[in-house]
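Since every read-out is calculated from the coordinates, none of them should be taken as a lab result. None of these values were measured; they are calculated from a predicted model. Backbone-built Cβ (ideal geometry, glycine too); neighbour counts: all protein chains shown.
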Amino acid sequence: MKLSIPSGKTPVTLTLAALFLFVFFASSSFAQDRDRIVEKTNKTTPAPVESNQPVRRPQGLTNEVRVIREEEPKSLIKKTGSASLTTAANKSSSASYSATFQAMMLNSIREKMGIRYVYGTQGPNTYDCSGFVWKVFEEAGLPFPRTSAANFWQTFEPVSGDDRFRFGTLVFFNGLGHVGIVAGKDGFYHASTSKGITYSKFEGYWEKRIVGFRRVPLSALVFEGPEN
């Protein structure tokens with residue numbers, strides 16, 4: 001660095017100027033040579049604290065959570081109580097017996113044709129009217145308790161229209177004192193007091209004495225009643 005000294009200055013002034021420059025440069029050098037002091041701290045980031053305490057919800061989320069389930073649609077078909085065995089059948093009166101069942105009934109009837117009538121009997125050598133009907137159904141595979149014609153009437157289901165003259169329908173006469181098995185629209189099978197097991201036509205004598213018709217249901221029935 002070149003210093004220009006103005007003319008006319010005294011030596012004392014030059015000496016002070018030189019001393020000032022020396023102190024200035026010495027101070028700058030000392031400041032650059034000092035070690036920088038870095039403040040060290042013992043502070044560390046705290047580790048997360050595990051706790052077994054339940055986490056509390058914010059105050060605004062303390063309401064109970066409810067799950068709303070949709071109700072199942074109600075059945076359109078109402079359940080009904082089971083029908084009494086002594087007053088109604090489990091099948092419709094219009095239901096026909098199977099061909100096999102009818103064949104077994106007809107075979108049982110044919111085997112008994114001509115067997116004589118004796119009151120209170122149910123075979124195999126003699127029959128009364130209700131005993132004959134009971135035995136035919138039993139041998140065809142549809143058993144029910146042996147009882148009187150009047151109890152058959154009270155137990156089995158009523159039929160009307162064409163169902164009255166289907167094979168296997170029961171027909172009742174004489175104030176429920178007599179019963180037979182319908183063969184068709186023209187006649188029926190029964191145990192006659194005079195002819196034994198026989199076929200008779202409705203026309204004439206029997207037509208005027210008909211009380212009504214009943215159908216033995218397609219399931220076994222259990223009922224109580226006095227024997228004929």
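The number of residues in the stretch 149-158 that are crowded, with 21+ Cβ neighbours inside 10 Å and outside any helix (DSSP H, G or I) comes to 1. In the stretch 98-139, what count of residues is obtained for those that are part of a helix (DSSP H, G or I), farther than 11 Å from Gly196 by Cα and out of contact with any Ser or Thr (no Cβ under 6 Å at 6 or more places or on another chain)? Within the stretch 98-139, residues that are part of a helix (DSSP H, G or I), farther than 11 Å from Gly196 by Cα and out of contact with any Ser or Thr (no Cβ under 6 Å at 6 or more places or on another chain) number 18. Take the conditions within 20 Å of Lys112 (Cβ to Cβ) and touching a residue at least 40 places away in the same chain (Cβ under 8 Å) and apply them to Pro143. Does it pass? For Pro143, the condition - within 20 Å of Lys112 (Cβ to Cβ) and touching a residue at least 40 places away in the same chain (Cβ under 8 Å) - is met.
Here the condition is being under 20 Å from Gly123 (Cα atoms) and of a type in the set (D, E, K, R); of Lys201, Lys195, it holds for Lys195 alone.
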